[in-house]
1. Residue under question is residue 319, and the condition is that it be hydrophobic (A, V, I, L, M, F, W, C) and at pLDDT 90 or above; does it hold?
2. Filtering the range 510-534 down to residues that are more than 32 Å from the chain's Cα centre (by Cα) and touching a residue at least 60 places away in the same chain (Cβ under 8 Å), which residue is farthest from residue 396 (Cα to Cα)?
3. When you scan the range 488-495, do you find a residue that is of a type in the set (A, V, I, L, M) and open to solvent by 70 Å² or more (accessible area, probe 1.4 Å), even just one?
4. Only one of these conditions is not met by residue 307: (1) open to solvent by 50 Å² or more (accessible area, probe 1.4 Å); (2) part of a strand (DSSP E or B); (3) of a type in the set (D, E, K, R); (4) in contact (Cβ under 8 Å) with a residue 60 or more places away in the chain. Which number is it?
5. Scan the range 276-293 for residues that are within 20 Å of residue 339 (Cα to Cα) and part of a strand (DSSP E or B) and jot them down.
6. Just name the residue that is nearest to residue 289 (Cα to Cα) out of those in the range 506-534 that are of a type in the set (A, V, I, L, M, F, W, C) and loosely packed, with under 13 Cβ neighbours inside 10 Å.
7. Could you tell me how many of the residues in the range 123-149 are without any contact (Cβ under 8 Å) to a residue 60 or more places away in the chain, within 20 Å of residue 166 (Cα to Cα) and in a strand (DSSP E or B)?
8. For the range 312-336, what are the residues that are in contact (Cβ under 8 Å) with a residue 40 or more places away in the chain, part of a loop (DSSP other than H, G, I, E, B) and open to solvent by less than 70 Å² (accessible area, probe 1.4 Å)?
Amino acid sequence: LQQFTTDKRQLYAAIEKVRWNSAGAGNIGAFAPLQARPDDDEEMTDTSRAEAANREIDDFRESLFATGTLGAVNYIVRGMRELPGRKSIMLLSDGFSLLVRNRSGFTETNRVYQSLLRLIDLANRASVVVYTMDARGLVFTGVTAADSTAGRSLDEINNEIADRRTRLLDTQDGLRLLARQTGGIAIVNNNDVSAGIRRILDDQSYYLIAYEPDDATFDPKVRRFNRLEVKVKRPGTTVRHRSGFFGVSDERMVRPTQTSGERLVTALTSPFAVQDIALRLNALYYNSPKEGNIIRSLVHVRAQDIKFTDVTDGGKKAVFDVFAAGFGDNGTLVDQISKTYTMTLKKDAYQNFMRHGFVYDFAFPVKKPGAYQLRIALRDHGSDKVGSANQFVEVPNLKKNRLQLSGVVLENIPYDVWQKRSSGQTVEESGAGALNDTSLRQFKRATVLSYGFSIYNAKQAPAPNLTSQMRLFRDGKVVFEGKVQPVPVYPGPDPKAIDFSSALVLGNEMAPGDYVLQVTITDNLAKEKHKSTV
């Protein structure tokens, strides 16, 4: 249940962390393989009882996983509820059965069916369309090489095959019902995942039709489901629409007013960032000889979104709450910070904050390497506005002695100031500063982008031999490629770290937009497999 992101680096890192879990819902095959049955009648009876008991346990276990999946979708729909217009969710799943068979052989609805009805009602109220796709693809229900048919008659084998077909259809019915009742499409029995996704992406146009129900629809004494039906006269046309809603008005379903603390927690845990206060977060990894691995987070706050009050001597004061949390790749909470700050500024400092904003700076010590997500929420006492942001950062394992880099510190410098600095002249600092530039990552044309980081685990004997190469990308294409340069090595406080810095002139002709700065460091003394890092 991580927050939504357009950062492909974060998505790829999350995908790389996915591992098959033998105790999870994802099986090696679509069905458990048949096991050989003993020849002894008494032993075979015990085996049949055990198979029935195991089937019941598996049904219960799968219902738990299914309700967990529907709970995750419910979480996303609630986050989408406040977004305008028609929204879409694409759910790739192995499916879930809406009916279970008890030991007496009778079928009955389970907790999954009730969870599904609640989700459908919530999605329809939030104008969210759910598209489902069977991740199993085209499934073969017959006997395979994994099945052992020993001890089974032909009729028993045919019954097992029929049960597989029934089970496949049952699990697909859940996907079909969720899609159909919310106006989406269910894509099943198809191995072409890409084509299915393209079909969903091409299905985002819609017509908006509204009507006003009468008062009897929302009678609190009769909580009935109101089915909707839309028909068109054009021959051969199929209409997909929201199936209906329970007879409870939105006003009666509105959550009670949240306290300030609850709003802060909601903003921190929502799948979408809250932008009443504009926040930009940049989390940087570095290693300290004394403290070990550290994630330092720089949060830029747009000061215009904060309400300042007057104090004596023409100054200004603001009070705000900060709630920050770090989560590991398995969703566990690593560390958290919860504080209230009172900020008092003199007139000149206040005007500077209004021009450039300000940066809230905090650090998390990290005991274990891995992928982490930092989330932060901020609430202004004066306006009661809330803002949130999140950032992914990966902490490497330095004990493997492979070449690694820290996070990148950035600074945007006017060209004339950079020239004076390069010549050794003393320059009076002006502008927002490196903290603002590193957190915002916004730069102007006709200036200099200065950047720096630390290099860890470089081979030291007989002396470090490192080279660097810089590339600038836009829309996945290289727009500038620098020459391979030797990395100068200077003695520093950490003998295991080499500080690196360089600069890039941003020309007047550069088009506005998003760019990716890539710096490749190569250790010419290391083995070929691990000699370079980016």
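The values are calculated or read from the model by the stated rules, or taken from the named source; none is laboratory data. Remember, predicted model here, so these are calculated numbers, not experimental data. Please note: Cβ atoms are built from the backbone with ideal geometry, for glycine as well, and neighbour counts cover all protein chains shown. These accessible areas exclude ligands, DNA and RNA; they are computed on the full protein's heavy atoms, side chains included. Shrake-Rupley method; radii C 1.70, N 1.55, O 1.52, S 1.80 Å.
1. yes
2. Let us first name the residues in the range 510-534 that are more than 32 Å from the chain's Cα centre (by Cα), namely 523-528.
After this cut, where a residue has to be touching a residue at least 60 places away in the same chain (Cβ under 8 Å) as well, the list is 523, 525-526.
Values: 523: 17, 525: 20, 526: 18 Å.
Here the residue is 525.
3. Residues of the range 488-495 of a type in the set (A, V, I, L, M): 489.
Then drop every residue that is not open to solvent by 70 Å² or more (accessible area, probe 1.4 Å), which leaves none.
Taking every residue of the range 488-495 in turn, none turns out to be of a type in the set (A, V, I, L, M) and open to solvent by 70 Å² or more (accessible area, probe 1.4 Å).
4. (2)
5. So the first thing to find is which residues in the range 276-293 are within 20 Å of residue 339 (Cα to Cα), and the list is 276-283.
Those that are within 20 Å of residue 339 (Cα to Cα) and part of a strand (DSSP E or B): 279, 280, 281, 282, 283.
6. The qualifying residue nearest to residue 289 (Cα to Cα) is 534.
7. 2
8. 331
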